[in-house]
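One structure is given here, and the rest of the page talks about it.
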Amino acid sequence: KEMKGILIDAVNVATEELSNAIKKELSKTDSRPPNQAPTAPSGPGLRTGKLRRSFRTRKAKRVGNRITTTLGSNVKYARYLEFGADLKGGQPYFFSKKIAKKQKTGPKIPNIAFAKKSSPFAKNMPKTKPSKLKPRPYLKRTLRDSEVIKRVRAVAQRQVNVGLRNLRSKAPNI
(Lines give C-alpha, C1' and ligand atoms only; values in the text may rest on other atoms or scores of the structure.)
Protein backbone atom coordinates (compact mmCIF):
# COMPACT_ATOMS: atom_id res chain seq x y z
CA LYS A 1 0.00 0.00 0.00
CA GLU A 2 2.79 2.43 0.89
CA MET A 3 4.66 1.50 -2.29
CA LYS A 4 1.63 2.46 -4.39
CA GLY A 5 1.59 5.81 -2.61
CA ILE A 6 5.25 6.29 -3.55
CA LEU A 7 4.46 5.47 -7.18
CA ILE A 8 1.48 7.84 -7.23
CA ASP A 9 3.71 10.64 -5.89
CA ALA A 10 6.28 9.85 -8.60
CA VAL A 11 3.63 9.99 -11.32
CA ASN A 12 2.39 13.33 -9.95
CA VAL A 13 5.82 14.98 -10.04
CA ALA A 14 6.53 13.51 -13.49
CA THR A 15 3.19 14.83 -14.78
CA GLU A 16 3.92 18.27 -13.36
CA GLU A 17 7.35 18.28 -15.03
CA LEU A 18 5.80 17.30 -18.35
CA SER A 19 3.12 19.97 -17.96
CA ASN A 20 5.82 22.61 -17.36
CA ALA A 21 7.66 21.47 -20.50
CA ILE A 22 4.47 21.74 -22.56
CA LYS A 23 3.81 25.24 -21.18
CA LYS A 24 7.38 26.18 -22.11
CA GLU A 25 6.75 24.94 -25.67
CA LEU A 26 3.56 27.02 -25.74
CA SER A 27 5.50 30.09 -24.52
CA LYS A 28 7.54 30.34 -27.69
CA THR A 29 6.54 33.57 -29.40
CA ASP A 30 5.04 33.79 -32.82
CA SER A 31 7.26 36.10 -34.86
CA ARG A 32 5.25 36.01 -38.10
CA PRO A 33 3.22 39.05 -39.15
CA PRO A 34 -0.34 38.97 -37.77
CA ASN A 35 -2.01 38.39 -41.14
CA GLN A 36 0.38 35.66 -42.32
CA ALA A 37 -0.75 32.05 -42.04
CA PRO A 38 1.45 29.75 -39.91
CA THR A 39 3.53 27.11 -41.59
CA ALA A 40 3.73 23.52 -40.42
CA PRO A 41 5.50 21.99 -38.55
CA SER A 42 6.09 25.06 -36.38
CA GLY A 43 4.37 25.10 -33.02
CA PRO A 44 1.29 27.23 -32.42
CA GLY A 45 3.27 30.25 -31.25
CA LEU A 46 2.28 32.56 -28.41
CA ARG A 47 -0.37 35.15 -29.20
CA THR A 48 -2.55 35.59 -26.11
CA GLY A 49 -1.33 32.86 -23.73
CA LYS A 50 -4.85 31.46 -23.27
CA LEU A 51 -3.89 27.91 -24.31
CA ARG A 52 -0.82 27.90 -22.03
CA ARG A 53 -2.84 29.20 -19.05
CA SER A 54 -5.56 26.62 -19.63
CA PHE A 55 -3.20 23.64 -19.36
CA ARG A 56 -4.00 21.57 -16.25
CA THR A 57 -3.03 18.29 -14.64
CA ARG A 58 -5.06 15.99 -12.45
CA LYS A 59 -3.61 14.17 -9.48
CA ALA A 60 -2.71 10.58 -10.18
CA LYS A 61 -5.01 7.92 -8.81
CA ARG A 62 -5.16 4.16 -8.68
CA VAL A 63 -7.68 2.57 -11.06
CA GLY A 64 -7.60 -1.20 -10.75
CA ASN A 65 -3.98 -2.27 -11.20
CA ARG A 66 -3.01 0.98 -12.92
CA ILE A 67 -2.04 4.45 -11.86
CA THR A 68 -3.57 7.09 -14.13
CA THR A 69 -3.34 10.82 -14.52
CA THR A 70 -4.56 13.40 -17.01
CA LEU A 71 -3.05 16.53 -18.43
CA GLY A 72 -4.51 18.80 -21.07
CA SER A 73 -6.48 21.88 -21.95
CA ASN A 74 -10.17 22.65 -22.07
CA VAL A 75 -9.66 25.30 -24.77
CA LYS A 76 -11.64 24.26 -27.85
CA TYR A 77 -8.90 25.12 -30.35
CA ALA A 78 -6.18 23.11 -28.55
CA ARG A 79 -7.18 19.99 -30.50
CA TYR A 80 -7.24 21.94 -33.77
CA LEU A 81 -3.69 23.20 -33.22
CA GLU A 82 -2.34 19.75 -32.38
CA PHE A 83 -4.09 17.74 -35.10
CA GLY A 84 -5.31 20.29 -37.66
CA ALA A 85 -8.95 20.82 -38.65
CA ASP A 86 -11.39 21.31 -41.48
CA LEU A 87 -13.03 24.65 -40.85
CA LYS A 88 -16.61 24.91 -42.12
CA GLY A 89 -16.68 28.59 -42.88
CA GLY A 90 -19.85 30.65 -43.00
CA GLN A 91 -18.96 32.81 -39.98
CA PRO A 92 -20.09 36.42 -40.60
CA TYR A 93 -17.42 39.09 -40.07
CA PHE A 94 -16.81 42.80 -40.49
CA PHE A 95 -13.94 45.25 -40.22
CA SER A 96 -13.76 47.46 -37.14
CA LYS A 97 -11.48 50.37 -36.24
CA LYS A 98 -12.45 50.08 -32.54
CA ILE A 99 -11.02 46.54 -32.20
CA ALA A 100 -7.45 47.59 -33.11
CA LYS A 101 -7.57 50.62 -30.80
CA LYS A 102 -8.62 48.48 -27.81
CA GLN A 103 -5.70 46.06 -28.28
CA LYS A 104 -3.30 46.68 -25.43
CA THR A 105 -0.44 44.31 -26.30
CA GLY A 106 0.95 42.34 -29.18
CA PRO A 107 0.97 43.08 -32.86
CA LYS A 108 -1.99 44.98 -34.25
CA ILE A 109 -4.18 42.29 -35.77
CA PRO A 110 -6.22 43.31 -38.82
CA ASN A 111 -9.43 44.93 -37.67
CA ILE A 112 -11.65 41.89 -38.11
CA ALA A 113 -14.56 41.24 -35.77
CA PHE A 114 -16.82 38.21 -35.93
CA ALA A 115 -20.57 38.51 -35.55
CA LYS A 116 -23.06 36.02 -34.23
CA LYS A 117 -24.77 34.11 -37.01
CA SER A 118 -28.11 34.96 -35.38
CA SER A 119 -27.49 38.73 -35.64
CA PRO A 120 -30.02 40.50 -37.87
CA PHE A 121 -27.09 42.19 -39.65
CA ALA A 122 -25.25 38.91 -40.32
CA LYS A 123 -27.10 38.11 -43.54
CA ASN A 124 -25.57 41.20 -45.22
CA MET A 125 -22.02 40.55 -44.00
CA PRO A 126 -19.29 38.64 -45.83
CA LYS A 127 -18.76 35.06 -44.58
CA THR A 128 -15.55 33.16 -43.92
CA LYS A 129 -14.68 30.50 -46.48
CA PRO A 130 -14.16 26.80 -45.69
CA SER A 131 -10.47 26.03 -45.15
CA LYS A 132 -8.00 23.54 -43.70
CA LEU A 133 -5.96 24.36 -40.63
CA LYS A 134 -2.60 22.60 -40.78
CA PRO A 135 -1.46 20.87 -37.57
CA ARG A 136 0.93 22.89 -35.42
CA PRO A 137 1.71 20.30 -32.75
CA TYR A 138 2.93 21.26 -29.32
CA LEU A 139 2.23 18.02 -27.38
CA LYS A 140 3.90 15.74 -29.90
CA ARG A 141 6.93 18.04 -30.15
CA THR A 142 7.31 18.07 -26.37
CA LEU A 143 6.88 14.31 -26.02
CA ARG A 144 9.52 13.67 -28.70
CA ASP A 145 12.08 15.94 -27.03
CA SER A 146 14.65 13.60 -25.49
CA GLU A 147 15.75 16.23 -22.93
CA VAL A 148 12.18 16.56 -21.68
CA ILE A 149 11.83 12.78 -21.36
CA LYS A 150 15.13 12.60 -19.44
CA ARG A 151 13.92 15.30 -17.02
CA VAL A 152 10.55 13.60 -16.52
CA ARG A 153 12.24 10.26 -15.79
CA ALA A 154 14.75 11.91 -13.46
CA VAL A 155 12.14 13.68 -11.33
CA ALA A 156 10.06 10.49 -11.11
CA GLN A 157 13.13 8.46 -10.10
CA ARG A 158 14.10 11.06 -7.47
CA GLN A 159 10.60 10.94 -6.03
CA VAL A 160 10.67 7.13 -5.86
CA ASN A 161 14.08 7.25 -4.15
CA VAL A 162 12.81 9.78 -1.59
CA GLY A 163 9.75 7.64 -0.92
CA LEU A 164 11.85 4.49 -0.49
CA ARG A 165 14.25 6.27 1.90
CA ASN A 166 11.30 7.46 3.97
CA LEU A 167 9.80 3.98 3.95
CA ARG A 168 13.12 2.43 5.08
CA SER A 169 13.52 4.96 7.88
CA LYS A 170 10.06 4.02 9.21
CA ALA A 171 10.68 0.28 8.98
CA PRO A 172 14.39 -0.65 9.26
CA ASN A 173 13.65 -4.29 8.31
CA ILE A 174 13.02 -3.39 4.65
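Can you pull out every residue in the range 64-112 that is open to solvent by less than 100 Å² (accessible area, probe 1.4 Å) and modelled with pLDDT under 70? Let's see the steps before the verdict.
Just the residues of the range 64-112 that are open to solvent by less than 100 Å² (accessible area, probe 1.4 Å), to begin with: 64, 67-73, 75, 77-78, 80-82, 84-85, 87, 89-94, 96, 99-100, 103, 106-107, 109-112.
Within the range 64-112, Ser96, Ile99, Ala100, Gln103, Gly106, Pro107, Ile109, Pro110, Asn111 meet the criteria.
Can you confirm whether Lys61 is under 30 Å from Lys123 (Cα atoms), open to solvent by 80 Å² or more (accessible area, probe 1.4 Å), in contact (Cβ under 8 Å) with a residue 24 or more places away in the chain and more than 15 Å from the chain's Cα centre (by Cα)?
Taking the combined requirement at face value, the residue does not satisfy it.
Enumerate the pairs (first residue in the range 146-163 and at positive phi and open to solvent by less than 100 Å² (accessible area, probe 1.4 Å); second residue anywhere and modelled with pLDDT of 95 or more and not in a helix (DSSP H, G or I)) with beta-carbon separation below 6 Å, excluding pairs fewer than 6 apart on the same chain, so at least 6 apart or on different chains.
none
Within the range 129-145, how many residues are exposed (fewer than 11 other Cβ atoms within 10 Å of the Cβ) and of a type in the set (Phe, Trp, Tyr)?
0
The values are calculated or read from the model by the stated rules, or taken from the named source; none is laboratory data. All figures in this text were calculated on a predicted structure; none of them were measured in a lab. Counting neighbours? That spans all protein chains shown, and the Cβs are built from the backbone with ideal geometry, glycine included. SASA here: full protein model, heavy atoms, side chains in, ligands and nucleic acids out. Shrake-Rupley method; radii C 1.70, N 1.55, O 1.52, S 1.80 Å.
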